[in-house]
Structure formats: C-alpha cells, structure tokens
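Novice: Below is one structure. I have some questions about it.
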Amino acid sequence: MSALPPLTAPAAPAELHIASMVVHCTPRRLADIRLAILAIAGAEIHGASDTGKLVVTLEAPSTQDMMAQISEIQRLDGVLASALVYQHSDTLAAMNEEIDDVHGS
C-alpha cells in the first residue's frame with residue numbers, strides 16, 4: 001500500500017494593506033522623524049506642518065508587516081502621538097481589478 005502525499009493547505013492569495021495615519025511629533029525633531037518615516041519601505045508623507053503634524057500613508061503585504069510599520073513610527077524618538085485614520089486590506093487580484101466608471105468606460 002502506498003502512502004498518500006501529505007495534505008497541504010493552499011497558499012493564501014497575496015494581499016495589500018493600505019493605511020493612513022496622522023503622526024504628531026515635537027517640532028524640533030520633525031526633520032529627523034520625516035527622514036526615519038521615509039526610510040520605512042511602503043511609507044510616504046503627504047503633508048507636514050511646522051507644528052509637528054505629519055500625514056502618512058503605509059502599504060504592506062500583511063497585517064503583521066503593517067503593524068510593524070505603525071509600531072516603528074510610534075517608537076521614533078520625538079513622536080508624541082499617532083492616530084490611525086484609515087485602513088484597508090484586500091487581495092492583490094481584487095486591488096488590481098478594473099472598475100468601470102459611471103459612464104461605463
């Protein structure tokens with residue numbers, strides 16, 4: 001009698017996680033914090049104020065990677081607070097799916 005091959009779970013489809021957050025830091029550390037955030041793969045800064053507020057978006061392939069990025073930002077020296085504003089995740093296939101506009105084109 002031959003042994004059956006071991007059952008393996010199918011691989012989960014690739015995902016994309018997107019988040020936006022507001023980061024508040026001490027104004028004197030703003031330049032250093034900007035550089036540190038921009039060094040994080042998948043991070044972008046879309047706005048900043050002289051008072052130390054930054055608008056940041058993050059992209060990551062998994063929940064764990066997204067949480068690691070958020071934690072890395074929160075632990076930066078000079079970050080006073082951060083607030084997650086938006087978070088979305090879906091499969092890469094769904095994210096790349098074309099959607100018709102209201103005119104059907």
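The values are calculated or read from the model by the stated rules, or taken from the named source; none is laboratory data. Treat the numbers as computed from the prediction; the structure is a model and nothing was measured. All Cβ positions, even for glycine, are placed from backbone atoms using ideal geometry, and neighbour counts span all protein chains on display. Only protein heavy atoms, including side chains, enter the accessible area calculation; ligands, DNA and RNA are left aside. Shrake-Rupley method; radii C 1.70, N 1.55, O 1.52, S 1.80 Å.
Novice: Just to be sure, is R34 in contact with a strand residue (DSSP E or B) (Cβ under 8 Å, 6 or more places away or on another chain) and either open to solvent by 50 Å² or more (accessible area, probe 1.4 Å) or at positive phi (or both)?
Specialist: On the way: in contact with a strand residue (DSSP E or B) (Cβ under 8 Å, 6 or more places away or on another chain): yes; either open to solvent by 50 Å² or more (accessible area, probe 1.4 Å) or at positive phi (or both): yes.
Judged against the criteria, R34 is a match.
Novice: Follow-up question, since we're still on this one. Search segment 63-91 for residues being hydroxyl-bearing (S, T, Y) and more than 12 Å from the chain's Cα centre (by Cα), and hand back the single one that is modelled with the lowest pLDDT.
Specialist: Residue satisfying both the conditions and the ranking: T91.
Novice: Name the residue that is surrounded by the most Cβ atoms within 10 Å (Cβ to Cβ), counting only residues in segment 76-105 that are in contact with a strand residue (DSSP E or B) (Cβ under 7 Å, 6 or more places away or on another chain) and either among the aliphatic types (A, V, I, L, M) or assigned to a helix (DSSP H, G or I) (or both).
Specialist: V79
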